[in-house]
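Here is the structure we will look at.
Coordinate-derived values only; no laboratory data. None of these values were measured; they are calculated from a predicted model. Here the Cβ positions follow ideal geometry from the backbone for every residue, glycine too, while neighbour counts run over all protein chains shown.
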Amino acid sequence: MNPVTESVSTLNKHPQNTHGLRSTNNAARLSVSESESEAERLAQFLRANAPVTILTGAGISTASGIPDYRDENGNWKRKQPVQHQEFMQSLDVRRRYWARSLVGWPVMQNAAPNGAHLFIQTLEQQGVVHRVITQNVDRLHQKAGSERTIDLHGRADEVICMSCGERHNRHDWHQVCASLNPHFRNLQADVAPDGDADLEMDFSGFNVPDCQQCEGIMKPDVVFFGDNVPRPRVDECFEAIDQSRALLVIGSSLMVYSGFRFARHASVTGKPLAILTRGRTRADELATLQLSADIGNTLQHTVKYL
Ligand SMILES: [Zn+2]
């Protein structure tokens, strides 16, 4: 069994549906048939508009066990994540962040790509996909083999000094954090988005290591809320869309401007915009094709129909 088939059969055992049906079997059947008809429409869109750039959000990684921030209406499911300015200004915020991520990070580190990531990689190999822009920091597109991915919001698997730019592998960084804080090791808590965990305790005794080169503040190499995506990276995304014939958004409500601007750019430059995600998005009025269906199932059938 190849990895794609294997991942999808795993996905099919856990269909994501939102129809509120009590019977799991009925829901599963509905989800599959719904996905097939939606897949025909998506395949038609891709045949007419390839190559496309794909923009992905948190909804594509939930099947890999990584929680997302928002519900299907685009509202926050939980307390808002750490803000950039708070992290930079407050040692207490950094203590809390790193202590919680000792628990939460291993889940993201060990997550495997699901069928959706693998099907996108297949589409990339077939020349249907020009570039993948992802709002996720989990590196699952790269783990799936996609070679043309732009990490819009950075990557969670590296840590960077905010003063001198020194970089470390996050796994090694966590080893340092754990050895400095033996009383914070092996705690249990529910996992939260972006390598965070739902852990509440007294963090004041947590020892946060500084940069070994310059004693600067170390931060995951991700764009926190309240910070800006570096301009060259934004320009690379605009360029990818300009070089494509259409934009396909998968698994994002586009509530954050940093992603929404690309839907708007596609629209104002006359490129068709397709959206595959559950629920409402900020770009619904701009979409030429809108598909509210299971992401993994729909992409599985789409690859078949192409
Ligand atoms: Zn430094």
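Running Debye on the chain with equal point scatterers at the Cα sites and no solvent, what base-10 log of I(q)/I(0) appears at q = 0.10, 0.12, 0.14 Å⁻¹?
With no solvent term, the Cα-only Debye profile gives -0.57, -0.81, -1.06.
Only Cα pairs within less than 10 Å get springs; with that Gaussian network setup on the chain, which residue of PRO182, PRO113, PRO193 has the largest fluctuation?
Checking each option, the largest mean-square fluctuation is seen for PRO182.
Restricting to bridges with both residues inside the stretch 153-306, how much of the DSSP beta-bridge set is antiparallel, in percent to the nearest 5?
60 percent
Beyond 25 Å, how much of the Cα-Cα pair distribution for the stretch 46-172 remains, as a whole percent?
34 percent
Using a Gaussian network model of the chain with C-alpha springs under 10 Å, which one of GLN290, GLN109, GLN213 is most mobile by mean-square fluctuation?
Comparing GLN290, GLN109, GLN213 in the GNM, the peak value goes to GLN213.
Output the antiparallel fraction of DSSP beta bridges having both residues in the chain, as a percent to the nearest 5.
35 percent
Over what distance in Å are the Cα centres of the stretch 133-179 and the stretch 244-306 separated?
For the stretch 133-179 versus the stretch 244-306, the Cα centre distance is 25 Å.
Positive end of the charge dipole of the chain (Lys, Arg +1 and Asp, Glu -1 on Cβ, about the Cα centre): tell me which of VAL223, THR269, LEU180 has its Cα farthest that way.
In the chain, that residue is THR269.
Which residue, GLU285, GLU36, GLU124, tops the fluctuation ranking in a GNM of the chain built on C-alpha contacts under 10 Å?
Comparing GLU285, GLU36, GLU124 in the GNM, the peak value goes to GLU285.
Using a Cα-Cα cut-off of under 17 Å, which aspartates and glutamates could be cross-linked to LYS219, ignoring same-chain neighbours fewer than 8 residues away?
GLU86, ASP92, ASP138, ASP151, ASP157, GLU158, GLU166, ASP172, ASP194, ASP196, ASP210, ASP227
What dipole magnitude, in Debye to the nearest 20, does the chain give about its Cα centre under +1 on Lys/Arg Cβ and -1 on Asp/Glu Cβ?
The dipole of the chain has a size of about 540 debye.
Take the eigenvalues of the Cα gyration tensor for the stretch 250-293, scale each by 5, and report the square roots as semi-axes in whole Å, largest first.
Ellipsoid half-lengths, sorted descending, are 16, 12, 7 Å.
Can you give the extra length, in nm with one decimal, that the chain gains between ALA112 and LYS79 once fully stretched, where that is 0.36 nm per residue apart less the Cα-Cα distance?
Contour length minus Cα-Cα distance gives 9.3 nm.
For the stretch 143-225, what is the charge dipole size about the Cα centre, in debye to the nearest 20, if Lys and Arg each add +1 at the Cβ and Asp and Glu each add -1 at the Cβ?
Computed charge dipole of the stretch 143-225: roughly 260 debye.
Could you size up the charge dipole of the stretch 56-147 around its Cα centre, putting +1 on the beta carbon of Lys and Arg and -1 on that of Asp and Glu, and report it in debye to the nearest 20?
Once rounded to the nearest 20, the dipole reads 380 debye.
Would you calculate a helix-derived [θ] at 222 nm for the chain, using -39,500 (n - 2.57) for each DSSP H run of n ≥ 4 and dividing by the full residue count, to the nearest 500?
So the calculated ellipticity at 222 nm is -12500 deg cm²/dmol.
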